[in-house]
Amino acid sequence: MANNLFDLTGRTALVTGGGQGIGLAIAEGLAAAGAGIVLNGRNLDKLDEAAERLRQTGAHVTTAIFDVTEHATLRKAIDALEAGGAAIDILVNNAGIQRRRRLDELNVDDWQTVMRTNVDGVFYVGQAVARHMIARGRGKIINIASVQSELARPTIAAYTASKGAVRNLTKGMCADWAPLGLQVNAIAPGYFATPLNRTLHEDPAFDAWLRQRTPAARWGRLEDLHGVAVFLASSASDFVNGQTLYVDGGMTAVV
């Protein structure tokens, strides 16, 4: 019985920004638990490479090219997936970007780009998928927040603001959609060695600071996200709603 709680066999998961990094890692974890995967991104070559990597593990994988900031286009793409038989049981809202600049030097275009991708994209895709989930009376939505949903560092104020919004948008989605059968939660990763953080990971001073600042004394490993993603995507979390789970080695627990 306990093992069945985490079984995702027969379910389909759409992972935005799934061509690399955290999105691909979560897709790997969900696939290992039995889910079929729809990888989304804007770069076809990168998506095809990621899909082939997953298929080599035995996963059933398809790809969907759309930009999470283009509301009308993505809604048509999601409606087409559903009409084609790929009923989306699990949505992972992972697509995100970063712009590093001190706030007084940040240009408006960069601010708006971060907000469009990291906040508007979560709303746009979440709404488009939720409409189908609501019709079925069930569904799991996992938004990707960050330790920056709670903490700030110099030069990333736009990102921090966006991830704080994702945390509260998760609560808002819960408030509206939990009565209709959906569970909406967020994963807030700490510092992982991903393409988004490559500059930091390759900086010896930042690396030393991070290891000292984090109780676990290390960077996150992408496989550290597998278990929490499977939990939030599975029947094991059917009464968990509106929560943000920090996967950060204890960073947000200490000063």
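The values are calculated or read from the model by the stated rules, or taken from the named source; none is laboratory data. Small disclaimer: the values here were computed from a predicted structure and weren't measured. No Cβ is skipped: glycine too gets one built from the backbone with ideal geometry, and neighbour counts run over all protein chains shown. The area values use the complete protein model at the heavy-atom level, side chains included, leaving out ligands, DNA and RNA. Shrake-Rupley method; radii C 1.70, N 1.55, O 1.52, S 1.80 Å.
Would you check which residues across segment 232-244 are over 13 Å from residue 92 (Cα atoms) and part of a helix (DSSP H, G or I) and list them?
235, 236, 237 - these are the residues of segment 232-244 that are over 13 Å from residue 92 (Cα atoms) and part of a helix (DSSP H, G or I).
Cβ-Cβ below 9 Å, separation at least six or inter-chain, first residue in segment 229-240 and more than 21 Å from residue 25 (Cα to Cα), second open to solvent by less than 40 Å² (accessible area, probe 1.4 Å) and of a type outside the set (Lys, Arg): which pairs?
Once the first residue is more than 21 Å from residue 25 (Cα to Cα) and sits in segment 229-240, its partners that are open to solvent by less than 40 Å² (accessible area, probe 1.4 Å) and of a type outside the set (Lys, Arg) give 238/183; 239/183; 240/183; 240/185; 240/232.
Go through segment 210-226 and give me each residue that's open to solvent by 50 Å² or more (accessible area, probe 1.4 Å), of a type outside the set (A, V, I, L, M), under 17 Å from the mean Cα position of the chain (by Cα) and closer than 23 Å to residue 151 by Cβ.
Passing the criteria: 221, 224.
Considering 59, 32, 27, which residue is within 18 Å of the chain's Cα centre (by Cα), open to solvent by less than 30 Å² (accessible area, probe 1.4 Å) and at pLDDT 95 or above?
That would be 27, the only listed residue that is within 18 Å of the chain's Cα centre (by Cα), open to solvent by less than 30 Å² (accessible area, probe 1.4 Å) and at pLDDT 95 or above.
Would it be correct to say that residue 72 is among the hydrophobic types (A, V, I, L, M, F, W, C), open to solvent by 30 Å² or more (accessible area, probe 1.4 Å) and without any contact (Cβ under 8 Å) to a residue 24 or more places away in the chain?
Answer is yes for this residue.
Quick one: in segment 173-225, which of the residues that are at pLDDT 95 or above and among the polar types (S, T, N, Q) is farthest from residue 120 (Cα to Cα)?
212
Suppose we keep only residues that are in a loop (DSSP other than H, G, I, E, B), of a type outside the set (Gly, Ala, Ser) and under 16 Å from the mean Cα position of the chain (by Cα) within segment 1-24. Which one would you say is farthest from residue 95 (Cα to Cα)?
That would be 20.
What's the total number of residues in segment 7-23 that are open to solvent by less than 10 Å² (accessible area, probe 1.4 Å) and either touching a Cys at 6+ places or on another chain (Cβ under 7 Å) or not small (Gly, Ala, Ser) (or both)?
4
What number of residues within segment 228-255 are over 11 Å from residue 190 (Cα atoms) and open to solvent by 50 Å² or more (accessible area, probe 1.4 Å)?
Number of matching residues: 7.
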